[in-house]
Amino acid sequence: MEGVLISLDILSKVYSSLCMIIPDCDETYNYWDPLNLLVRGFGKQTWEYSPEFAIRSYSYLLPYYIISYPVNYIVKEWGLPSYYIFYFIRFVLNGFTVYSELKLYYSLKKTFPNSSNWYLFLTAIATGMSHAGVALLPSSFAMQCVTMSISYALKEFSIGNAVGSLTWIMIGGLFGWPFVLALAVPYGLYTLLHYKQLSSVIIRCIVNLSSIVAVIVTIDSFFYKKLAFIPLNIVLYNVFGGEGEGPEIFGVEPFSYYILNLALNFNVVAIFGFIGLVDFSGKKWAINLPLILWCLIFGSQPHKEERFLYPIYSLIIANAAVALGGLYTFVDGLLENINARIISKISKVLVVFLISSISFLRTVNLVENYSTPLVVSKELAHLEGGNVCIGREWYHFPTSFFLNNDQRLKYIKSGFDGLLPGDFKEGEPLFDVTSFTPEGFNNKNMFSETTIIPFEQCDYYIDNSGKTNGIEPDFTNEPKDWERVTCKKIINPDGNHGIGRLIYIPPILRTFIPYNVDYMEFCLYKKHI
């Protein structure tokens, strides 16, 4: 069974590496494009990377640059599309996700043996893991590190395991997302209260912490050409930002936003995950306390985003696995005759079928309805150089890894009134580029004319077939001097949708289950020379 479940987990990660959408434009512009700068010398620059604000770390991106170097060389030598680098990095991201999941699986196997297979199954089929595990986001990296940390926390208490658990939280918090450091509190307090050789743990943790901080400060100080400790800058902006600053300017949501989000990403698994909070037997505290703490911190924040929950995804799944394993162990203990145990096994099969079916249909739904930007953007590899322009669909463009070396992504004026990314300078030494302070940036999400160009300067144009607002060019009737390169369907966010927006309904079942999904076209156009 173990081999089957591991294979299932690997196959699901291969699928998500190749097909999963980029659900958040923050991933594109704050991480993929700066990484494209490191790898290929150009990309879009957000205000967060301006040395004036410096709240994004190059130390997070540098390992992916180093890993991608051989693939980048092959792409250049063989004349392959640059998006091969993008997909290679996605496999690396999911590779680390699988590794962390297996570490936690083997820890659960020793601590909660009846739950380990449930964990491996649930994490393999979870929709939430299908996009969190492949995302180039600090919150995803933090999730992987939290998973590693919990795998050590569930083991027999020792100096090595204590230091390992706390160090992985440090790595996830300092290289990734600083707020994750809060999850070190439960295990740290437990260590203080229950371990006699405390000095050894403290000394080793201080050495590890100092080493991590030194590496981060050194790297980012080189890139920004000034002393920079990015984790501190992130906290200062998000927690102590002045008027008109801070995360709230990007929108606020009610607490129900997270409830609905978890329901879509984990269905009934989320319910079991939180039911499991009532059980503190054995080492369940190592799962429960971080989960409770994170929910209290981020549930109380006005600004909410799906990726803010990534760090606790493994905790939710582990808790659900322990709950299901404990439930069936209890039920099997009550059953004495063979027929009753057969009924118990049948119920397990039904639960597995129900959870996996809903999860699979939700995952396929995301790919079916939202992956078009990845598909259409691949066509750019077969086109000549020039400005690839985008207006209202700016947030759907995947990354500059889909551009040829002589193509550049540009924005035209649209209905969006927030601050768009600018461009990293080109043709200068890397550290001069990353330390340059561009004009027009601000930390209040205020629109700047410096981020757009006139439509007349565009060689290619990406847009949807929806009704225009009079600001963007109208391609309803294709202009004479433009030709359509390709169009693919994408869900219309303003359309009328039924259950088809939530889960994919196979064609064979659409006679019985209405599949009311309103699509529009997502198109790439080329200007005639």
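The values are calculated or read from the model by the stated rules, or taken from the named source; none is laboratory data. The model shown is predicted, which means the values in this text are computed figures rather than measured ones. Here the Cβ positions follow ideal geometry from the backbone for every residue, glycine too, while neighbour counts run over all protein chains shown.
Out of Val376, Val433, report the one residue that is at pLDDT 95 or above, farther than 17 Å from Lys527 by Cα, aliphatic (A, V, I, L, M) and surrounded by 17 or more Cβ atoms within 10 Å (Cβ to Cβ).
Val433
Can you name the residue in the stretch 501-518 that is closer than 23 Å to Cys487 by Cβ and crowded, with 16+ Cβ neighbours inside 10 Å and, of all such residues, is farthest from the chain's Cα centre (by Cα)?
Tyr515
Considering every residue within the stretch 417-426, establish whether at least one is part of a helix (DSSP H, G or I) and over 30 Å from Tyr515 (Cα atoms).
no
Testing Phe280 on (1) in contact with a Lys or Arg (Cβ under 9 Å, 6 or more places away or on another chain); (2) part of a loop (DSSP other than H, G, I, E, B), one condition comes back false. Which one is that?
(1)
Could you go through the stretch 59-81 and let me know if any residue there is among the charged types (D, E, K, R), in contact with an Asp or Glu (Cβ under 7 Å, 6 or more places away or on another chain), assigned to a helix (DSSP H, G or I) and over 16 Å from Leu403 (Cα atoms).
Scanning the stretch 59-81, I find no residue that is among the charged types (D, E, K, R), in contact with an Asp or Glu (Cβ under 7 Å, 6 or more places away or on another chain), assigned to a helix (DSSP H, G or I) and over 16 Å from Leu403 (Cα atoms), so the answer is no.
How many residues, within the stretch 196-220, are farther than 20 Å from Leu181 by Cβ and either surrounded by 17 or more Cβ atoms within 10 Å (Cβ to Cβ) or of a type outside the set (S, T, N, Q) (or both)?
Residues flagged as farther than 20 Å from Leu181 by Cβ and either surrounded by 17 or more Cβ atoms within 10 Å (Cβ to Cβ) or of a type outside the set (S, T, N, Q) (or both) within the stretch 196-220 amount to 1.
Condition check: at pLDDT 95 or above and not charged (D, E, K, R). Does Leu315 satisfy that?
yes
Can you find a residue that is closer than 27 Å to Trp32 by Cβ and touching a residue at least 40 places away in the same chain (Cβ under 8 Å) anywhere in the stretch 349-359?
There is at least one residue in the stretch 349-359 that is closer than 27 Å to Trp32 by Cβ and touching a residue at least 40 places away in the same chain (Cβ under 8 Å).
Can you name every residue in the stretch 496-510 that is in contact (Cβ under 8 Å) with a residue 40 or more places away in the chain, assigned to a helix (DSSP H, G or I) and not small (Gly, Ala, Ser)?
Arg501 - this is the single residue of the stretch 496-510 that is in contact (Cβ under 8 Å) with a residue 40 or more places away in the chain, assigned to a helix (DSSP H, G or I) and not small (Gly, Ala, Ser).
Please list, ordered by first then second residue, the pairs with beta carbon atoms under 6 Å, 6 or more apart or interchain, first in the stretch 442-460 and among the hydrophobic types (A, V, I, L, M, F, W, C), second part of a strand (DSSP E or B).
Short answer, once both residue conditions are applied: Ile452/Tyr411; Ile453/Lys410; Cys458/Asn387; Cys458/Cys389.
Any residue at all in the stretch 93-103 that's touching a Phe, Trp or Tyr at 6+ places or on another chain (Cβ under 7 Å) and not in a loop (DSSP other than H, G, I, E, B)?
Within the stretch 93-103, not a single residue is touching a Phe, Trp or Tyr at 6+ places or on another chain (Cβ under 7 Å) and not in a loop (DSSP other than H, G, I, E, B).
When the residues of the stretch 134-171 are filtered to those that are assigned to a loop (DSSP other than H, G, I, E, B) and over 20 Å from Ser107 (Cα atoms), which remaining residue is nearest to the chain's Cα centre (by Cα)?
So the residue we want is Ala135.
Would you confirm whether or not the stretch 467-477 contains a residue that is within 21 Å of Leu383 (Cα to Cα) and either part of a loop (DSSP other than H, G, I, E, B) or β-branched (Val, Ile, Thr) (or both)?
Taking every residue of the stretch 467-477 in turn, at least one turns out to be within 21 Å of Leu383 (Cα to Cα) and either part of a loop (DSSP other than H, G, I, E, B) or β-branched (Val, Ile, Thr) (or both).
Please indicate, with yes or no, whether at least one residue in the stretch 157-171 is within 23 Å of Phe112 (Cβ to Cβ), touching a residue at least 24 places away in the same chain (Cβ under 8 Å), out of contact with any Lys or Arg (no Cβ under 8 Å at 6 or more places or on another chain) and of a type in the set (Phe, Trp, Tyr).
Yes, some residue in the stretch 157-171 is within 23 Å of Phe112 (Cβ to Cβ), touching a residue at least 24 places away in the same chain (Cβ under 8 Å), out of contact with any Lys or Arg (no Cβ under 8 Å at 6 or more places or on another chain) and of a type in the set (Phe, Trp, Tyr).
Between Lys109, Lys13, Lys103, which is in contact with a Gly (Cβ under 7 Å, 6 or more places away or on another chain) and either surrounded by fewer than 19 Cβ atoms within 10 Å (Cβ to Cβ) or of a type in the set (Lys, Arg) (or both)?
Lys13
Within the stretch 476-490, count every residue that is touching a strand residue (DSSP E or B) at 6+ places or on another chain (Cβ under 6 Å) and either surrounded by 14 or more Cβ atoms within 10 Å (Cβ to Cβ) or not charged (D, E, K, R) (or both).
The total comes to 7.
Which of the residues belonging to the stretch 454-464 are in a loop (DSSP other than H, G, I, E, B) and crowded, with 16+ Cβ neighbours inside 10 Å?
Cys458, Asp459
In the stretch 240-258, which residues are part of a helix (DSSP H, G or I) and either touching a Cys at 6+ places or on another chain (Cβ under 8 Å) or surrounded by 12 or more Cβ atoms within 10 Å (Cβ to Cβ) (or both)?
Across the stretch 240-258, the qualifying residues are Pro247, Glu248, Ile249, Tyr257, Tyr258.
May I ask you to list the residues in the stretch 112-124 that are surrounded by fewer than 21 Cβ atoms within 10 Å (Cβ to Cβ) and at pLDDT 95 or above?
Asn117
What residue, among those in the stretch 266-295 that are surrounded by 16 or more Cβ atoms within 10 Å (Cβ to Cβ), among the small types (Gly, Ala, Ser) and out of contact with any Pro (no Cβ under 9 Å at 6 or more places or on another chain), is modelled with the lowest pLDDT?
Result: Gly276.
Could you go through the stretch 178-195 and let me know if any residue there is closer than 30 Å to Ser356 by Cβ, touching a residue at least 40 places away in the same chain (Cβ under 8 Å) and either in contact with a strand residue (DSSP E or B) (Cβ under 9 Å, 6 or more places away or on another chain) or buried (at least 21 other Cβ atoms within 10 Å of the Cβ) (or both).
Scanning the stretch 178-195, I find at least one residue that is closer than 30 Å to Ser356 by Cβ, touching a residue at least 40 places away in the same chain (Cβ under 8 Å) and either in contact with a strand residue (DSSP E or B) (Cβ under 9 Å, 6 or more places away or on another chain) or buried (at least 21 other Cβ atoms within 10 Å of the Cβ) (or both), so the answer is yes.
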